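Written out below as structure tokens is the structure these notes cover.
The values are calculated or read from the model by the stated rules, or taken from the named source; none is laboratory data. Everything quoted here is computed from the prediction, not taken from an experiment. Methodologically, a virtual Cβ is constructed for each residue, glycine included, from the backbone with ideal geometry; neighbour enumeration extends over all protein chains shown.
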There are 2 protein chains.
Amino acid sequence: MNRMDNILRPRSIAVIGASRKEGSLGSMFLQAVLNMNFKGKIYPINPKADEIMGLKTYPDLQSLPAKPDLAVILLSYNYVPESLKEAGEAGIRDVIVISAGFKEIGGEGIVREQQLVELAKKYGMNLLGPNCMGVFNTDPAVSFNGTFSPTLPNPGHVAYVSQSGALGVAILELAAKTDLGFSVFVSTGNKADISDSDTLEFLYEDSNTSVITMYLENISKPDQFRKISSKIAAIKPILALKAGRTESGFRAASSHTGALANPEYIIDGYLKQCGIIRKDNLEELFDAARALAAQPLPEGPRVAIVTNAGGPGILASDAVDRFGLQLAEISEATVKKLQSVLPEEASAANPVDMIASANHETYRDVLEIVLADPNVDSVVLIIVKPPVNTTPKQIIESLDSIVHNCSKTIIPVLMAQRDENAGLKKFKELHLPVYSYPEAAVKALATMWQYQQIQQRFRKSEAVVVTPRSDDLLETGSGEENKQAPLENLEDLLHQYDIKTVPSIITDSLEEILRFKDQHDKIVLKIANEQIIHKTEAGLVNLNLESDSAVREAFTDIHTKAARLLPDGIAPKFLAQKQLARGIELVLGGKRDVLFGPVIMVGIGGIFIEVLKDVAFRIAPVNAYEAREMIGELRSQALLNGFRGNPEVDRDAFAYAIQRFSLLFAEHPEIAEMDLNPLIWSPAEQALVAVDVRATLLKSSRPE
Amino acid sequence: MNRMDNILRPRSIAVIGASRKEGSLGSMFLQAVLNMNFKGKIYPINPKADEIMGLKTYPDLQSLPAKPDLAVILLSYNYVPESLKEAGEAGIRDVIVISAGFKEIGGEGIVREQQLVELAKKYGMNLLGPNCMGVFNTDPAVSFNGTFSPTLPNPGHVAYVSQSGALGVAILELAAKTDLGFSVFVSTGNKADISDSDTLEFLYEDSNTSVITMYLENISKPDQFRKISSKIAAIKPILALKAGRTESGFRAASSHTGALANPEYIIDGYLKQCGIIRKDNLEELFDAARALAAQPLPEGPRVAIVTNAGGPGILASDAVDRFGLQLAEISEATVKKLQSVLPEEASAANPVDMIASANHETYRDVLEIVLADPNVDSVVLIIVKPPVNTTPKQIIESLDSIVHNCSKTIIPVLMAQRDENAGLKKFKELHLPVYSYPEAAVKALATMWQYQQIQQRFRKSEAVVVTPRSDDLLETGSGEENKQAPLENLEDLLHQYDIKTVPSIITDSLEEILRFKDQHDKIVLKIANEQIIHKTEAGLVNLNLESDSAVREAFTDIHTKAARLLPDGIAPKFLAQKQLARGIELVLGGKRDVLFGPVIMVGIGGIFIEVLKDVAFRIAPVNAYEAREMIGELRSQALLNGFRGNPEVDRDAFAYAIQRFSLLFAEHPEIAEMDLNPLIWSPAEQALVAVDVRATLLKSSRPE
């Protein structure tokens, strides 16, 4: 039993605040329910009426002949808490509060919303809203329009979950005359109780929904949301438009990772981990949904373009390149067959330009030939209004049997008026979504291919479950200040997770350092006291020390400088490290985010991370696929391939280090921020080696 | 007198190949001319008919009672040359050839097209086509539909020039029920004679055209095209969609610049120099054109958003950020006024969310208040179908007087059905373009702001005219191989153009090098022979030489190594340079492009140019604005601002060096490719200093 079952599939509803006053919400709502021929029982509640719109009306919930599945509250905000309480007393467990005037207005609205939450808890209710636009479900067995929209939705298989109610109404309006058809609409409003995740749980099982679209302004309960969305991703696509700023926010940061943790970067990584495809704008969101709801997924990225006009074919080819698809290389045999049905002036290569003389028979012959080519995964079928011989309607009708028996993806572009010659009914019957422009069609197709890969992945992958460990934590601070973790402890910690660090010792003894030097060609000598953060800037890092005398000189120099910087009574400690061969500097970092918890970052170091912000974020821990995906998102890929004499970075080893680090960071909630910077690929050790490690511990996070 | 005058404003036309056979081109064309009530005289030509569609028909051009302004040839390709000849003999100077079967099919088609070109030349004709879809002009004084499109164009002020005829038909079809209105359409086809530039010359003077849109597959005669387009840019916007691959092409390159000269980068820079705004797809092209044709340009980037629903307001705000506009900071006084007309739950900040209860009076009051704020340059006005009280039609009607008297930009978003309540007629009457989605509206507005800046610039700037010099050229090679220019000559050349090079000498004398060293703190010693290209890789560059002994050692080392690499009988030459203080490595380069001629590149050097291709291209020479624009296009801007202790690069000095270099390269056609790499900002000299210079000379370009 899902929390949304009675809200989206009620067998009876009470409409609290139903009204006969024209133009009032109470009247419009009831009208909307009636307009869609709701299959269940309707109980209008209004103490001042016996009958509204032909329905027997009751003064209150107590007077009802039976307990309704769902109550919808339309009253002004000050009456809502009392009304909700009455519903609770009457044993009603499912309620939609349409009324506004709660958290969204701040001040006492927040208090009022808290009252609702408490009442819902007390009575064990499922509460949708407040400040929402309601729901609808076009499933013929339900036929419930619980919004006050006079525009009836096209029935179909796209669910739309919207944090903005108005964007629900708007899309319904704009979609009214298109081939976008809806299964379910949910306006989540303030999400006081029922969240996006509850809705997704319903949609996971709703067989009438094959594509889910979402408009999100914020993400609440990210763990729960990710769990259900990645379960859904294996069986149906979720497309989301994320608008506005997130709550993550920038906070004062003591690490690179912290400073770069742009909430938008985190959201991007998070949505990928959820298996959700992020879209830039509403039009693209629904353009992609239409294709996904209508056509089978392409088996591969290879697109054939069939057109009766050159220009649109070129635009489609450009878009194929741009959006990550490939122009199919059609076979010699296919070209020959095409030549036999096309005039001399036509082009039998891909894009197949049949030229303006093509009629419906040409379309039929060419489409059949092209679809039969095993090098073709999908076809973009362009129909510019033919000057002679035929109409789009005749063309599409002639394709009936081919499209019917085809398991490849076909995406049509109809560059003609939407009149009686356009054949729109037939397009719909054949489950062909219609686009006006080649670029939009190819973009939708590219999203289908993207989802096909996501689906494969989420069918295989198992969720990583991590429970933070409570033992072996680092000693955190007790005062006001966050404190730096001691290097020794950090190295131990990294080794526990199989992350290599450069050979080193921490000591205050020159003799010990000289002995260490004897084991390595060259060493680096730095100050080790965690009180000093900007070591390089203070001249406390000496590189490339080869001789004993150089080591002695560096030791004395650091000792003198550090003594001036350290608090009284604290002696300088030294870090001696083996000097590594040069290599590309990588960075791994972690930050605890307000909303998402442990977040990790991968980047290419030095100037690249600072100037170009060439980084990728995910919520920790990550699996192998996610780690590789992070590496793939870095723009400076050429650096990883062995640039300018540097060795090529082993991506498997890099992905392994990312996974191990992400687990470390997830399992150590006492660490606020952490940087491995630089992290260098060592061909000798066939591993990534952390050269510098830094971590800030929380003030007092140790569980009591 | 413009070459297109008789083609776009004919007073009489001969239709060669007119036909009464239903569905034939000859019939459709004549029908189309008649449909739009052509104001001039029509002479159908067909030897087999006396009358077609009620018009007296003539057997040939000789039989006409008067000489027509324009002949349109619709015959099958093999009859076209003969027919064109007859037109020439008959003294007709303006001809459109619709027929296909020429260059576009290759082989004998190319020969046939050449015949047309020669005939046109012989008779002094203006020839549009072949393989084109014709033209139309909606100017009421002309009313000429010379295409065979049965769909009559909406009259308006957007001109559309399309290399693809089909994209003309397609756009006409798709625009039929929108507010996109056309002045002129020209299908340029194969551009055998009349080019885009000729059409632009006409549109420059056509007072019925206020916005020009173009679909280009290639650019022909780039100099002429740039001259007219930058003249137009000062008075009306040109928007272009450039599709497909350009002819520039990659060729084997001997320089960085050559290797990076991606035709798409060059086209991008070139179109900016033309004052043309490049668009990504057809929808954006016409979305922007509609706004530009209807509304005044915004005076600045500050946008106020007025909405009756939160979600669309947030989407619009996000788009304002993304597309380079700013959310206007409305004044305290404005906020107070807004509060006085809005309910408590509304938001009086920008975006101004009037909430769902807003009726037409709220819209009127709020729009009036917001437009009066001097901090607001433009308003995005969002109308989600109101649930109660009013309709979009009532809203827009109530705005009549405000919009009428307003010189600020208003861009409406109508998220409602296009039915009788939508008020579309009123929108049109008020010159308000209508968008369905907030993102598309903001993107169109951003293009208006972009054009407003282009207009300012092109009103001021004078065209740079450069005639390549024929004296002082470098000695080019005579053999098969391109040759490297000697360093000495290149330094002289750079100094002539006031481009600094690092102090250096070229010599084979160690004594001379030691004397040079005495004048500088540190020097660099390299091999100077132009036969050796990869100096660093061969170990022939020694940096940071401070002492005499270091110089001696380096000299001997280079001498030994170089002797092995140089041909017999050639002695090593040495380049001693002052060692500059470190700084960001910049790059300036030039390459001679097949299509565009001298092309220059600016980049950030070293790893950035190679890994990130962080470069900008322009056709040389460039003016100060263009040089600064190139600098602004570099993605790694932070490096120029003085990164990690490097001095901040003076952008004026950088722009000056770019200008001078661009002039040098334009004036020296004997140089095929040239790199200044690195070029370093020297705070001491307050100039950019070229540290390494390399140039490849053409085989034999010296004018005889």
*Counting only residues that are β-branched (Val, Ile, Thr) and in contact with a Gly (Cβ under 7 Å, 6 or more places away or on another chain), which one in the range A:378-424 is farthest from the other protein chains (Cβ to nearest Cβ)?*
A:ILE396
*Condition met for B:VAL117 (in contact (Cβ under 8 Å) with a residue 60 or more places away in the chain and either under 30 Å from B:SER207 (Cα atoms) or in a loop (DSSP other than H, G, I, E, B) (or both))*: no
*What single numbered condition from (1) surrounded by fewer than 23 Cβ atoms within 10 Å (Cβ to Cβ); (2) assigned to a strand (DSSP E or B) fails to hold for A:LEU381?*
(1)
_Within the range B:131-170, tally of residues that are among the β-branched types (Val, Ile, Thr), assigned to a loop (DSSP other than H, G, I, E, B) and farther than 18 Å from B:LEU200 by Cα_ = 3
*Go through (1) in a helix (DSSP H, G or I); (2) within 14 Å of chain A (Cβ to nearest Cβ); (3) in contact (Cβ under 8 Å) with a residue 24 or more places away in the chain one by one and return the number of the condition B:SER197 breaks.*
(2)
*Residue check, B:GLY258 crowded, with 22+ Cβ neighbours inside 10 Å and modelled with pLDDT under 90*: yes
*Identify all residues within the range B:520-547 that are of a type in the set (A, V, I, L, M) and surrounded by 15 or more Cβ atoms within 10 Å (Cβ to Cβ); write none if there are none.*
B:ILE523, B:VAL524, B:LEU525, B:ILE527, B:ALA528, B:ILE532, B:ALA538, B:LEU540, B:VAL541, B:LEU545
_Selected residue (criterion: farthest from A:TYR435 (Cα to Cα)) from residues of the range B:171-183 that are in a loop (DSSP other than H, G, I, E, B) and touching a Gly at 6+ places or on another chain (Cβ under 9 Å)_ = B:GLY181
*Of all residues in the range B:532-562, which are out of contact with any helix residue (DSSP H, G or I) (no Cβ under 8 Å at 6 or more places or on another chain) and either closer than 19 Å to B:ASN677 by Cβ or touching a residue at least 40 places away in the same chain (Cβ under 8 Å) (or both)?*
B:ILE533, B:HIS534, B:LYS535, B:THR536, B:GLU537, B:VAL541, B:LEU543
*Taking only pairs six or more apart or across chains, which ones have beta-carbon atoms under 7 Å, a first residue in the range A:153-164 that is more than 12 Å from chain B (Cβ to nearest Cβ) and surrounded by 23 or more Cβ atoms within 10 Å (Cβ to Cβ), and a second residue that is assigned to a strand (DSSP E or B) and among the small types (Gly, Ala, Ser)?*
A:VAL158/A:SER183; A:ALA159/A:SER183
*asked:* Please pick out the residue among A:GLY589, A:GLY569 that is more than 14 Å from chain B (Cβ to nearest Cβ), small (Gly, Ala, Ser) and assigned to a loop (DSSP other than H, G, I, E, B).
replied: A:GLY569
*Condition test on A:PRO150, is it more than 17 Å from A:ARG11 (Cα to Cα) and out of contact with any Pro (no Cβ under 6 Å at 6 or more places or on another chain)?*
yes
_Just to verify a result, which residue in the range A:610-668, among those that are crowded, with 22+ Cβ neighbours inside 10 Å and closer than 26 Å to B:LEU640 by Cβ, is nearest to the other protein chains (Cβ to nearest Cβ)?_
A:LEU639
*Restricting attention to the range A:425-445, report how many residues are more than 14 Å from chain B (Cβ to nearest Cβ) and touching a residue at least 24 places away in the same chain (Cβ under 8 Å).*
8
*Mind checking which residues of the range B:216-247 are modelled with pLDDT of 95 or more and among the hydroxyl-bearing types (Ser, Thr, Tyr)?*
B:SER229
*Residues A:LEU34, A:LEU75: which one is in the same structural domain as A:LYS191 (by TED's automatic domain parsing) and outside any helix (DSSP H, G or I)?*
A:LEU75
*Which one of these does B:GLU284 not meet: (1) part of a helix (DSSP H, G or I); (2) closer than 24 Å to B:ALA234 by Cβ; (3) in contact with a helix residue (DSSP H, G or I) (Cβ under 6 Å, 6 or more places away or on another chain); (4) within 14 Å of chain A (Cβ to nearest Cβ)?*
(3)
*Within the range A:300-316, work out how many residues are surrounded by 24 or more Cβ atoms within 10 Å (Cβ to Cβ), in a loop (DSSP other than H, G, I, E, B) and either within 29 Å of the chain's Cα centre (by Cα) or more than 7 Å from every other protein chain (Cβ to nearest Cβ) (or both).*
1
_Residue selected from the range A:341-364 under the condition away from every other protein chain (no Cβ under 11 Å) and in contact with an Asp or Glu (Cβ under 8 Å, 6 or more places away or on another chain), by the criterion surrounded by the fewest Cβ atoms within 10 Å (Cβ to Cβ)_ = A:VAL341
*asked:* Quick check on my filter: what residues within the range A:674-693 are modelled with pLDDT of 90 or more and either closer than 18 Å to A:LEU575 by Cβ or under 24 Å from the mean Cα position of the chain (by Cα) (or both)?
replied: A:MET674, A:ASP675, A:LEU676, A:ASN677, A:PRO678, A:LEU679, A:ILE680, A:VAL689, A:ALA690, A:VAL691, A:VAL693
*Looking at this structure, is A:ALA446 in contact with a helix residue (DSSP H, G or I) (Cβ under 7 Å, 6 or more places away or on another chain), modelled with pLDDT of 90 or more and assigned by TED's automatic domain parsing to the domain that holds A:ILE410?*
no
*Out of the range A:312-326, which residues are within 21 Å of A:ALA416 (Cβ to Cβ) and in contact (Cβ under 8 Å) with a residue 60 or more places away in the chain?*
A:PRO312, A:GLY313, A:LEU315, A:ALA316, A:ALA319
*Which members of the range A:60-101 meet the condition of being within 25 Å of A:GLN31 (Cβ to Cβ), charged (D, E, K, R) and surrounded by fewer than 22 Cβ atoms within 10 Å (Cβ to Cβ)?*
A:ASP60, A:LYS67, A:ASP69, A:GLU86
*Candidates A:GLU329, A:GLU344 - the one that is more than 17 Å from A:ALA441 (Cα to Cα) and free of Cβ contacts under 8 Å to residues at least 40 places away in the same chain*: A:GLU344
*From the list B:PRO130, B:PRO59, B:PRO68, which residue is in the same structural domain as B:GLN163 (by TED's automatic domain parsing) and more than 14 Å from B:VAL15 (Cβ to Cβ)?*
B:PRO130
*asked:* Looking at B:LEU292, B:LEU297, B:LEU367, B:LEU338, can you tell me which residue is part of a loop (DSSP other than H, G, I, E, B), at pLDDT 95 or above and either away from every other protein chain (no Cβ under 14 Å) or closer than 30 Å to B:ASN218 by Cα (or both)?
replied: B:LEU297
*Please tell me if A:LEU588 is under 16 Å from A:VAL502 (Cβ atoms), over 24 Å from the mean Cα position of the chain (by Cα) and crowded, with 24+ Cβ neighbours inside 10 Å.*
no
